[in-house]
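Below you'll find the structure I mean.
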Amino acid sequence: CLLINFSTFIEVFEFNEKMGTEKLIEFLKKSFYGGTDVAPALKYAVEKMKSEKYKKADVLVISDFLMRNIPEHLQDEIKNLKEKENKFYSIVIG
C-alpha cells in the first residue's frame, strides 16, 4: 500500500504487512497546510502504476477538492491507465 500525503508538496509512505502499525499511524497523523495541489500526488501515483508492482493498482484520493484542474496530459495518462484495469476513486471531505 502506497500512501501519498499532499498539499503544495507530497510526502510518500509505502506500507507493507511486515511493518508495524506505529509508523503508519504516525504518517496518518500528519497535516499539511497551504493549499491543495493534487497533480504532484497523481503524477507520482501514475508513475508507480506503470511499474510491474503497481500495474493493476487502484488510487483513492481523499480531499476537499478545492483545487486547480488536473493538467490535461495527466488526465490522458490516467485515462490510459483506466484502460489497463487501473481504477481511480475519490472521497470528498467537507
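Please determine whether any residue of the range 51-63 is farther than 19 Å from residue 1 by Cα and in contact with a helix residue (DSSP H, G or I) (Cβ under 9 Å, 6 or more places away or on another chain).
Checking the range 51-63: not a single residue is farther than 19 Å from residue 1 by Cα and in contact with a helix residue (DSSP H, G or I) (Cβ under 9 Å, 6 or more places away or on another chain).
Further, regarding this structure: Can you list the strands (runs of 3 or more DSSP E) lying wholly within the chain that have 2 or more residues being in contact with a strand residue (DSSP E or B) (Cβ under 6 Å, 6 or more places away or on another chain) and surrounded by 15 or more Cβ atoms within 10 Å (Cβ to Cβ)?
Counting at least 2 such residues, we get 2-6, 10-14, 58-63.
Can you pull out the residues in the range 65-90 that are of a type in the set (D, E, K, R) and under 22 Å from residue 1 (Cα atoms)?
So in the range 65-90, the residues of a type in the set (D, E, K, R) come out as 68, 72, 76-77, 79, 82-85, 87.
Of everything in the range 65-90, those that are of a type in the set (D, E, K, R) and under 22 Å from residue 1 (Cα atoms) turn out to be 77, 79, 82, 83, 84, 85, 87.
Got a number for residues in the range 13-34 being more than 16 Å from residue 62 (Cβ to Cβ) and of a type in the set (Gly, Ala, Ser)?
2
A follow-up question, please. Check off (1) free of Cβ contacts under 8 Å to residues at least 24 places away in the same chain; (2) touching a Gly at 6+ places or on another chain (Cβ under 8 Å) for residue 13 and give me the number that stays unchecked.
(2)
Now for a different question. Residue 22: farther than 24 Å from residue 94 by Cβ and within 15 Å of the chain's Cα centre (by Cα), yes or no?
no
Here, each number is a calculation from the coordinates, and none is a lab measurement. Not measured: the values here are computed from a predicted model. No Cβ is skipped: glycine too gets one built from the backbone with ideal geometry, and neighbour counts run over all protein chains shown.
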